[in-house]
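Heads up: the structure comes next, in structure tokens.
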Amino acid sequence: MTIHKEGYTSIALTVLFVFVTNALINYYLPHVTWFVWLWYLVSLFLFITVLQFFRNPVVNLTLGENQIICPADGKVVVIEEAQENEYFKDKRLQISVFMSPINVHVNRNPISGIVKFFKYHPGKYLVAWDPKSSTDNERTTVVVENSNGVPVLFRQIAGALARRIVWYVKEGDQVEQGKEFGFIKFGSRVDVFLPLGTQVNVNLGDKVKGGVTVLATLS
């Protein structure tokens, strides 16, 4: 288990906050023992919460040319035909995974191939399960085309708590299935848009694991 590089600053700020607040409480309220110990517990909880959010466990990746690998840890909240108007401008099969604050927030490429399209959209911070979050929230759109010429679109979508999306890809990049393409801080969602007729291998409500769970199989 390691700590993701995106967490270094947040963890350092948390440690600074804990140190300063505990120092102030011990200086001004040293005789209020119950409050001092309560704040010790709150500080420990806060530190552990931030630390676990940025954990980056070792993953035994599932790889396959025709397999769509889950891009994130979380829960399947959408499986439906949907109109995709940004890139394809037609109907696609949408599979969405909601990432709660307790999930690992590393985002992984669902397929290998060439990045044909990338765009970052500033936006709102609606709750990630709101249908409008796909089009109104801060988000990125990535389209990767595999060696068989099949394009797959996936989006990082910020949630109500998320305030920063990080990405590591750009148009023209060659990406590998299962490798990191980004990170979203503090709760979010990832949408995947596939060709109609793609075999779905998960069900609504399933808990899935990024880089491991096979969401779907291309025809």
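For this structure, a couple of remarks:
- Restricting segment 71-114 to residues that are buried (at least 17 other Cβ atoms within 10 Å of the Cβ) and of a type in the set (S, T, N, Q), the residue that is nearest to the chain's Cα centre (by Cα): Asn107
- Residues in segment 170-186 that are assigned to a loop (DSSP other than H, G, I, E, B) and farther than 25 Å from Gln83 by Cα were compared, and the one that is least open to solvent (accessible area, probe 1.4 Å) is Gly178.
- Applying the set (1) part of a strand (DSSP E or B); (2) under 16 Å from Asn107 (Cα atoms); (3) of a type in the set (A, V, I, L, M, F, W, C) to Ala216 leaves exactly one unmet item: (2).
- Counting the residues of segment 197-208 that are open to solvent by 60 Å² or more (accessible area, probe 1.4 Å) and either acidic (Asp, Glu) or under 14 Å from Phe98 (Cβ atoms) (or both) gives 2.
- Scanning segment 187-208 for residues being farther than 25 Å from Asn85 by Cβ and out of contact with any Ser or Thr (no Cβ under 9 Å at 6 or more places or on another chain) gives a total of 3.
- Extreme residue, farthest from Val50 (Cα to Cα), among residues of segment 152-167 that are surrounded by fewer than 22 Cβ atoms within 10 Å (Cβ to Cβ) and either modelled with pLDDT of 95 or more or of a type in the set (Lys, Arg) (or both): Leu153
The values are calculated or read from the model by the stated rules, or taken from the named source; none is laboratory data. Quick caveat: nothing in here was measured; it's all calculated off a predicted structure. With ideal geometry, Cβ positions are generated from the backbone for all residues, glycine too; neighbour counts draw on all protein chains shown. What goes into the accessible areas is simple: the full protein's heavy atoms, side chains included, and nothing from ligands, DNA or RNA. Shrake-Rupley method; radii C 1.70, N 1.55, O 1.52, S 1.80 Å.
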